Structure formats: structure tokens, C-alpha cells
Amino acid sequence: MAKPVLEVLGLTKRFGGLVATDAVTFDVVPGEIHALIGPNGAGKTTLVHQLSGAVAADAGSIRFNGADITVMPTHDRVRAGLARSYQITSIFRRLTVVDNIVLAVQARNGTSLSFWRPIKSESALYDEARAIAKDVGLAGREEIVSGFLAHGEQRQLEVGLALATKPLCVMLDEPMAGMGPEESERMIPLISGLRATRSVLLIEHDMDAVFRLADRISVLVSGRIISTGTPAAIRASDEVRRAYLGDETVHG
Amino acid sequence: MNRTLNLVLLAIAIAFPLVAQALDELFYVSFASRILIYAVAATSLNLILGYGGMVSFGHAAFFGAGAYCVGIAMVHGVTSAWITWPLAMVVSALLAWVIGAVCLRTRGVYFIMITLAFAQMMYYIVLGLKAYGGEEGINLLNRSVIGFGVDLKNDVTFYYVCLGVLVAVLYLCQRLVRARFGNVVQAIRENETRMDAIGFPTFQYKLVCFVIAGGVCGLAGALIANQTKFVNPNLLHWPVSGELMIMVILGGLAYLYGGVIGAFVLLFLDELISPYTIFSKLYVGLVLLVIVLFAPHGIAGLIEKWRGTLPRKKDG
């Protein structure tokens, strides 16, 4: 297998007596969709917070693209190519779709310590933002104030904002949260298509989607990764079945 | 606001001293200068409070620092506006850099309290400056010297200089707000976490915004020292910070003219009411209450609404 782009080694986080992340070790290789699954409260989002830099780890290390990023601030990780989307939609609700994405494009294009030239005149930014809006299925919706979008569309924009940073690796925290079946069906090819240009760490509750999309799956239970393997191997694992899959109905 | 309205307002502002002179009411020219100066200070606060969403309760520190730069320089015989006014801007900007570097690490109520604390600290430091009059302050013998035949001692000339500064500040502010920098600062106000997560070092952008606002407010301070020919520690005291905040909120947060409208309405009301009652602040407070309750976007927001052009995205 190729050299990993993201390597997590013995990552640990405690909140008082609770061990939220317990010596987590796994990696994401270029061009793969690595899914992270686990029951509610397993510590998936806490893990993403540590990987994105929102929460400091107590022990362990995170290497990204050959560099140690364990103590790097969030915005520097994003600039290094590690971006994330949020489980709870976090967009700029008062801005239009295109203005949302322009911000992310602006962040990686030259300095924003520019005080004179009107941003509306920078057509390159807007052209690129429109192209990204199209990529995430929001063509024709560019000028809508994002707070007025349908839930599914807001989720698409949520993912679009992460992708607009042009990450090497993108962490999608439950991109399909709260989506209906039709909306999910639109999201699946979008995520699947990312494989060509970047790697994906996918946190998702929709098991159907996970087993269709993932190249590898890691199972997180009570802050520990109990198993990592191909979808077929995970499905066949007794340990996973006992700890997790057995408790919930698994489709597919 | 459109170009025609801008030009009409500018024409009125230019014509005002001529009319006042014709009516032999020169007091009002001096009073109008005061409004213009507070408008500059309030506009600078609007940059951080309105556009940046940083509720700073310590803006008086920059106002006073600018004023004291002019006052102290004059005590030492430096009278040139070309030296002391830029000095006031630089000193206030540096002060904003130091205060901002500490305060911007906090959020919400803590930010309000710590900016207030810094400003009060500055107030007590200036109060203790016995060499510069302590609580008595400094009486300036004269106004700053510009040269080139421009005599600031003339109240009408001084008014036009203040007007020029205000127009320049408003223009710069509008450019800045509509440029990349303004886009970033306003987005940070909307969702700072996400700005961080798309790669912006938000702290640095907020600090730059804070420093610019501090510098501009320092210039307003330099002007107020000239207007009153007097500086004292009260310029740095918290009621001044509060007054500037009221002006911005009254006028309209994140509207280009918010600070101007607020300064005009607040000072004008005060002037109108105070001859009749010692409780003028009470009535000003009632007006503020009505505005906040019925016009949450301030007077500028109300005007925009009346003109039926309330923009979906406020960008000045």
C-alpha cells in the first residue's frame, strides 16, 4: 500500500475520568476512502476535532504529508492540505452560496491583507467558486442566501466549503446527517468521485453508504479502534459484530 | 447609499459654515466640528464593533492617546500637524496592537471587560502624569500648525479640515470593507470557527482590524485636542468609550454612515436638551431605548428600509 498521507499514532484524549480517545492508531493512504464507524458516543467527532486541531490531544502524534502536525493550529493544517466538514452544518448563513465558497477560495489564493481592490472585481475567485458550487451539485443555486437553502443543499455546501480549500485529505464528519434517501443518493457519487484527486476520512452513520463507499473501515468503540480492514473483512469480523454491528441492524 | 445622496450630503456639509457665518452663528461651526470628529472616532469603532463583531469597550484609550500625543508634543514646542497627527495615529495604533494582542485571545463578555480594563488602566496612567497636568490636563496655547496658508485657528478652516478627514476616513473604510480584507473580517464576525477551518488565521486578521481602528481613532483624538484646545484624562475615561459605542449602535452597526449618524444624533440631542434640564442623559437614554427596540439595525438600517433597498448582505 502507498505511503500514508495521514498517520495517527497513539492519539489519546481524556476529559476528566473519561478516556474519549484511547491510543488511537490508524492511517489514511492517498486515494482511499477510509471510513470511521462506531456507535454513538464512541468518540468519532472528538477524534476529528483533534485531527483538525480544534481540540488538543493529551498524548500521541499526528503526521500529515510527512510533517508532524500534532500541535499545529487549525488554519495551518488546512493550508497544509488537511480540511474538514462539520457534522452540525457550519456555513455563513447570511451569505450567498458563491460568497461562501469565495471565502474558501480566497483563503488559499494570495494574501487577504488587501485593503483597496473590491473583491467583487476579482472574477477569478468567483469563477472558481462557481465551478466548485457546480461540483457539489449546487449549480443554479449560486446566488441564493445559504440560510434559505434546503437542508440537503446546506449539507452539500458544507462539504463544498471543505473541498474548496483543495485538501490532500478531507475529513467528512457525517456528511449525510439528516439527509433523506434521495439527497444521500446525490451525495454518494460526489464523495466517491473524490478518490481520484484526494483521500477521504469519512465518518458516517449510514452503513449502507459506508459499505458502498469505503476502501477500508476502522471501527471505533469507546475511544478505541478495535478493528481496521476492508468492508468485507469488517463485515465478517466477529469482534466487530459483537461490539458494534450486532447491536444495530446492518443493511447490505 | 448612492452617489447622488453622497454628493448632496457633502454639499450641505460644505455649505454649512458659510450659512452659519452669514447668520453670525459661529458657535455652530465649532459644534459641527465636534460632531465631525466624533464621527471619525465612531466610524473607527464601527470597523471593529460593527464589521468585525468585536465588542470593544475601551475605544476611549485610543481617542485619548491621540489627544495626549498632540498635547504633550505641544508642551515640548512641537506644533506641526504634519508631525503630531501622524504621531497620534502611530502611537494609538501601537497601543491598539498591544491591547488587541492580549484582548483578542478572549471572547464575549471577557473581551468587553478586558478592553474596558485596559482603557481604565490608561486612564489612571494619564491621571498620574503630573508632568502633564495630572487630572488637570493640558491647556493648549494654540491649535496645530499645518502651514501652506491653512490657519487652524480659524474655526471655519478647522471645520473644513475635520470634514476632509472624515470624508477620507469614510472612503478608506468603504474600500477596506469591500476589499478582500473586509470580506474576511465580516465573515469572521459571522462564523469564526469556520473561517479557521477554511484556513484563515482569524486572530491575525482581527488584530490588524483592531490596529487600523486604533490608528484612525488616534487621529480623531488629535483633532479633538485641537478642537477644544485642551486635553485631560476624561478623554480616556470609560464614559467616552460608552458614548462611542452608543453612537455606533444608534447609527447602525456595519453601515458605512452608522458612526456619522450616531455622532450627529447623540451630540445634537444632547445640545438640544441640555439647556432645559440637568437630566438630558435620561432623555438621550430613552431615545436610545426606542431605537434599539424598534430599529435593531440602527438609524442607518431604518433609512435603508425606508428607501426599500435593504441589501441582503451588508457590505457598507
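Based on DSSP H segments of at least four residues, each scored -39500 (n - 2.57), chain A has a per-residue ellipticity at 222 nm of -10000 deg cm²/dmol.
Label-to-label distance for A:R117 and A:A233 is 5.1 nm, based on points extended 7 Å past Cα in the beta-carbon direction. Within the accessible area of chain A, the carbon and sulfur atoms contribute 54%, probe 1.4 Å, all protein chains present. Legend: residues in region A:99-132 shielded by at least 40 square angstrom of accessible surface upon adding the remaining protein chains to the isolated chain (1.4 Å probe, heavy atoms) are A:L103, A:Q106, A:A107, A:S112, A:L113, A:F115, A:W116, A:I119. The phi torsions of region A:19-34, fed into the Karplus equation with coefficients 6.51, -1.76 and 1.60 and a -60° offset, translate into couplings of 8, 7, 10, 10, 6, 6, 10, 6, 9, 10, 9, x, x, 10, 9, 9 Hz, rounded to whole numbers, with Gly and Pro shown as x. Cβ-Cβ distance of B:V19 and A:V71, R₀ of 45 Å, FRET efficiency by 1/(1 + (r/R0)^6): the value works out to about 0.10.
Legend: residues in region B:195-215 shielded by at least 20 square angstrom of accessible surface upon adding the remaining protein chains to the isolated chain (1.4 Å probe, heavy atoms) are B:D196, B:A197, B:I198, B:G199, B:F200, B:P201, B:Y205, B:V208. Residues whose amide H comes within less than 5 Å of that of A:R84, counting only those at least five positions distant or on another chain, are A:M171 (H built at 1.01 Å from N in the peptide plane). Sequence-ordered 3J(HN,Hα) estimates for region A:197-207 from the Karplus curve with 6.51, -1.76 and 1.60 and θ = phi - 60° stand at 10, 8, 9, 10, 9, 10, 9, 7, 8, 6, 5 Hz, glycine and proline given as x. Take the Cα of B:L289, step 7 Å toward its Cβ, do the same at B:V145, and the gap between the two points is 5.3 nm. Computed from phi, the 3J(HN,Hα) profile of region A:232-243 under the Karplus parametrisation 6.51, -1.76, 1.60 (θ = phi - 60°) reads 5, 5, 5, 4, 7, 6, 5, 4, 5, 4, 5, 6 Hz, with x in place of Gly and Pro. DSSP bridge analysis restricted to region A:6-247 gives an antiparallel fraction near 55%, rounded to the nearest 5. So, R0 is 45 Å and r is the distance between the beta-carbons of B:T106 and B:T4; what FRET efficiency does that work out to, to 0.05? The computed FRET efficiency comes out at 0.55. Proximity of backbone amide H atoms, modeled 1.01 Å from N, is registered between A:L36 and A:L202, A:I203, A:E204, A:S218 at under 5 Å, excluding neighbours fewer than 5 places apart on the same chain.
Of the solvent-accessible surface of region B:3-235, computed with a 1.4 Å probe and all protein chains present, 68% belongs to carbon and sulfur.
Remark: relative contact order (chain B) = 32 percent; criterion is Cα-Cα distance under 8 angstrom and separation of 6 or more residues. At a probe radius of 1.4 angstrom, the accessible area of chain B per residue rounds to 45 square angstrom.
When a/c is below 1.5 the answer is rounded, else prolate if a/b is larger than b/c, else oblate, so apply that to region A:38-92 with a ≥ b ≥ c taken from the square roots of the Cα gyration tensor eigenvalues. The shape class here is oblate. When the chymotrypsin sites (Phe, Trp or Tyr not before Pro) in region B:127-216 are filtered for DSSP coil states and for at most 10 other beta-carbon atoms within 10 Å of their beta-carbon, the remaining sites are B:F148. DSSP beta bridges confined to the protein assembly as shown are antiparallel in about 55 percent of cases.
If you fit an axis through the alpha-carbon atoms of helix A:123-135 and take the longest principal axis of the Cα set of chain A, what angle between them do you get, 0 to 90°, nearest 10? Once rounded, one gets 40 degrees. Take every pair of alpha-carbon atoms less than 8 Å apart whose residues are at least six positions apart; their mean separation over the length of region A:30-126 yields a relative contact order of 15 percent. Please check which bits of region B:202-231 a label hung off B:V75 would reach, taking the label as a point 7 Å along Cα-to-C-beta and the cut-off as backbone N under 12 Å. So the set is B:231. With respect to chain A, whose longest principal axis is taken over its alpha-carbon atoms, helix A:151-163 is tilted by about 90°. When each full DSSP H helix of chain B is screened for a Cα extent of at least 30 Å along its own axis and an average Kyte-Doolittle hydropathy of at least -1.0, the helices passing are B:81-103, B:155-178, B:202-228.
Figure legend: label point modelled 7 angstrom from the Cα of B:K281 along Cα→Cβ; no residues of region B:29-47 have amide N under 19 Å from it. When chain B is modelled as a GNM with alpha-carbon springs shorter than 10 Å, which of B:G77, B:G108, B:G199 fluctuates the most? Result for chain B, Cα springs under 10 Å: B:G199 fluctuates most. Tilt of helix A:181-194 relative to the longest C-alpha principal axis of chain A, in degrees (0 to 90, nearest 10)? On a 0 to 90 degree scale, this one is about 90. Springs between Cα atoms under 10 Å define the GNM used for chain A, and in it the highest mean-square fluctuation of A:M187, A:M179, A:M171 occurs at A:M179.
Around the amide H of A:T96, modelled in the peptide plane, lie the amide H atoms of A:S146, all under 5 Å away and 5 or more residues distant in sequence or on another chain.
Using a Gaussian network model of chain B in which every pair of alpha carbons under 10 angstrom is joined by a spring, one finds that among B:H59, B:H76, B:H237 the greatest mean-square fluctuation is at B:H76. Modelled spin labels at B:A131 and A:R241, positioned 7 Å past Cα toward Cβ, are 8.5 nm from each other. Projecting the Cα positions of B:V126, B:V90, B:G149 onto the charge dipole of region B:86-206 (unit charges on Cβ atoms of Lys, Arg, Asp and Glu, taken about the Cα centre) puts B:V90 furthest along the positive direction. From a point 7 Å beyond the Cα of B:S30 in the direction of its Cβ, which residues of region B:217-250 have a backbone N at a distance under 15 Å? Residues B:224-231 qualify, since their backbone N sits under 15 Å from the label point. If I take R0 = 22 Å and measure r between the Cβ atoms of B:Y124 and B:W97 in this structure, what FRET efficiency does the formula 1/(1 + (r/R0)^6) give, to the nearest 0.05? So the FRET efficiency works out to roughly 0.60.
The values are calculated or read from the model by the stated rules, or taken from the named source; none is laboratory data. Not measured: the values here are computed from a predicted model. So basically every Cβ, Gly included, is an ideal-geometry build from the backbone, and we count neighbours across all protein chains shown. We work out accessible area using only protein heavy atoms, side chains counted, and drop any ligands, DNA or RNA first. Shrake-Rupley method; radii C 1.70, N 1.55, O 1.52, S 1.80 Å.
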